[in-house]
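This report concerns only the one structure given below.
The values are calculated or read from the model by the stated rules, or taken from the named source; none is laboratory data. Not measured: the values here are computed from a predicted model. Here the Cβ positions follow ideal geometry from the backbone for every residue, glycine too, while neighbour counts run over all protein chains shown. These accessible areas exclude ligands, DNA and RNA; they are computed on the full protein's heavy atoms, side chains included. Shrake-Rupley method; radii C 1.70, N 1.55, O 1.52, S 1.80 Å.
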Amino acid sequence: MTNRLFPLSQKYIDFINCVHNVTADFLEGTTASGKTTVGAGIKFMYMVSASPKKLHIIASKTTGTAEKNIIQQDNGILDLHTNARYFGNGDKDNKLPHIKFEGKIIYVLGYDNKDKWLNVLGSQFGCVYIDEVNTADIDFVREISTRNDYLMATLNPDDPSLPVYKEFVNRSRPYKKYAKDVPAEIMSELCEGPVPNWRYWFFSFADNLSLTPEDIERKKLAAPKGTKLYKNKILGLRGRATGLVFNLEDKNIISAEQAKSFKYVRFSAALDTSYSDSTPDTMAFIFTGITDSKKCVALDELVFNNSEMKTPVSPSDMPKIFVDFLEKNRRLWGFARDVYIDSADSATITECRKYKRLSGCIYNFIPAFKKTQIIDRIHLQAAWLASNEFLVVNTCKNYIAEMNIYSWQENKYAPEDGHDHCINACQYAWLPYKNMIGSVNFEA
């Protein structure tokens, strides 16, 4: 069936042969790992060949992108399958761009044009391939996912808060033999309700046997270490590649054992709330310490979401939850007598102060100081991160995840209003003590 041979890793051989009881394959990983070549050019075309249905789909951002990256490139579909014919302008029977292959029709769509893809989606299809599904119109993905027998989607790691992850990618599970190849932080996100027969695959440079060690080294050197581009393209880890507010580097993330080696002169904690049970907004508790060497360390977190709670919490529930969190960290780290709550959350402040009055609680619940503007907080924290004066214990996974996706608004010098509950809570904790942190003396 193929015209050209190239070396395949054992993982790719297993991927191609894993066809029974598989209704969807999601391929994520590094750049140049061979996902498109092997996924679209070999396995997808095999699934089309085996399908009893006549109509199938290849979808990319535009038809031109599909032609360049999937159909006409070296080792693309036309290269690998000499019996495939591409009609980029359609023909007398099918006006849309399509491939004719073994008596089948594979429509080639651009998901950037809703009017065009809506015209196609009145039918049921055998196999559907979606290129870079993380950039696709989510309405297209939702619609096409119900109209096929088999779905394959490729993606380079992106913003993990995109709905395509929660609704699709994170509902798949890795082939057991290769689960160890999935980075731990991605594996932890493959936790949405699983769909039977949806398979997840993570591919890296090592899986593309066509790359020489010199090729791999050149690609690694092309992206500066410590940047989000390096994280996404070279390490294959999720997180926005551009527009990020903070540059959280490996040097800023430490173990609890490393954190325990410091001498602390101040502990603090704070709470940022969202009681909505219909959004992904979270309740975020952060416990911090300031060292005698003027480092600020995010030591612990507690994060949950009312939409995921069997019994959603209300402001009256928060004092006990907050105090339990503070007591846990008092035993682990030290006593934070003054703790802070978003000053806009009068209900939670009232309930916590009522709890203190009635129970004799030893903690002081204080409205967060917000005189320092958000931009100034960002300037400070960015400087501390760069000079390694702001650290995060690696168990604070939600806080780390927020730091890795918190972005600037388009065309506006302000951060987005989202992905920031842990970030806000941590800032509320260190704001009263900002002059005890780092080498910058800040009086605003």
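Take the residues of segment 81-109 that are surrounded by 21 or more Cβ atoms within 10 Å (Cβ to Cβ) and of a type in the set (A, V, I, L, M, F, W, C): which is farthest from P7 (Cα to Cα)? Selected residue: L109. Here V120, V38 are screened, and the one residue that is in contact with a Leu (Cβ under 8 Å, 6 or more places away or on another chain), surrounded by 13 or more Cβ atoms within 10 Å (Cβ to Cβ) and over 29 Å from D14 (Cβ atoms) is V120.
Identification of helices (runs of 4 or more DSSP H) wholly contained in segment 144-248 with 2 or more residues that are free of Cβ contacts under 8 Å to residues at least 12 places away in the same chain yields 213-222.
Within segment 390-423, the set of residues being open to solvent by 30 Å² or more (accessible area, probe 1.4 Å) and either modelled with pLDDT under 85 or touching a Lys or Arg at 6+ places or on another chain (Cβ under 9 Å) (or both) comprises A401, W408, Q409, E410, N411, K412, Y413, E416, D417, H419. Within segment 372-387, the set of residues being open to solvent by less than 10 Å² (accessible area, probe 1.4 Å) and either polar (S, T, N, Q) or under 25 Å from the mean Cα position of the chain (by Cα) (or both) comprises T372, I378, Q381, W384, L385. It is to be established whether one or more residues within segment 182-201 are under 30 Å from D74 (Cβ atoms), open to solvent by 60 Å² or more (accessible area, probe 1.4 Å) and out of contact with any Asp or Glu (no Cβ under 6 Å at 6 or more places or on another chain). Within segment 182-201, not a single residue is under 30 Å from D74 (Cβ atoms), open to solvent by 60 Å² or more (accessible area, probe 1.4 Å) and out of contact with any Asp or Glu (no Cβ under 6 Å at 6 or more places or on another chain).
Residues checked against (1) in contact with a strand residue (DSSP E or B) (Cβ under 7 Å, 6 or more places away or on another chain); (2) over 22 Å from D149 (Cα atoms); (3) free of Cβ contacts under 8 Å to residues at least 60 places away in the same chain:
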| site | (1), (2), (3) |
| --- | --- |
| T36 | yes, no, no |
| G39 | yes, no, no |
| Y46 | no, no, yes |
| L55 | yes, no, no |
| E102 | no, no, yes |
| I106 | yes, no, yes |
| N113 | no, yes, yes |
| W117 | yes, no, yes |
| F125 | yes, no, no |
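Of the strands (runs of 3 or more DSSP E) entirely within segment 299-400, those holding at least 1 residues that are of a type in the set (D, E, K, R) occupy 338-341.
Picking from residues in segment 293-316 that are under 31 Å from the mean Cα position of the chain (by Cα) and at pLDDT 95 or above, the one that is farthest from H419 (Cα to Cα) is K295. Among the residues of segment 424-440, those identified as in a loop (DSSP other than H, G, I, E, B) and either open to solvent by less than 10 Å² (accessible area, probe 1.4 Å) or within 20 Å of I186 (Cα to Cα) (or both) are I437, G438. The C-beta contact set for segment 367-388 (first residue at pLDDT 95 or above, second residue in a helix (DSSP H, G or I) and of a type in the set (S, T, Y), distance under 6 angstrom, 6+ apart or interchain) comprises A368/Y428. Given the structure, is R147 closer than 14 Å to I58 by Cα, surrounded by fewer than 23 Cβ atoms within 10 Å (Cβ to Cβ) and basic (K, R)? When the stated conditions are applied, R147 passes them. Just wondering, is there one or more residues in segment 328-339 that are within 21 Å of P432 (Cα to Cα) and under 28 Å from the mean Cα position of the chain (by Cα)? Checked segment 328-339: no residue is within 21 Å of P432 (Cα to Cα) and under 28 Å from the mean Cα position of the chain (by Cα).
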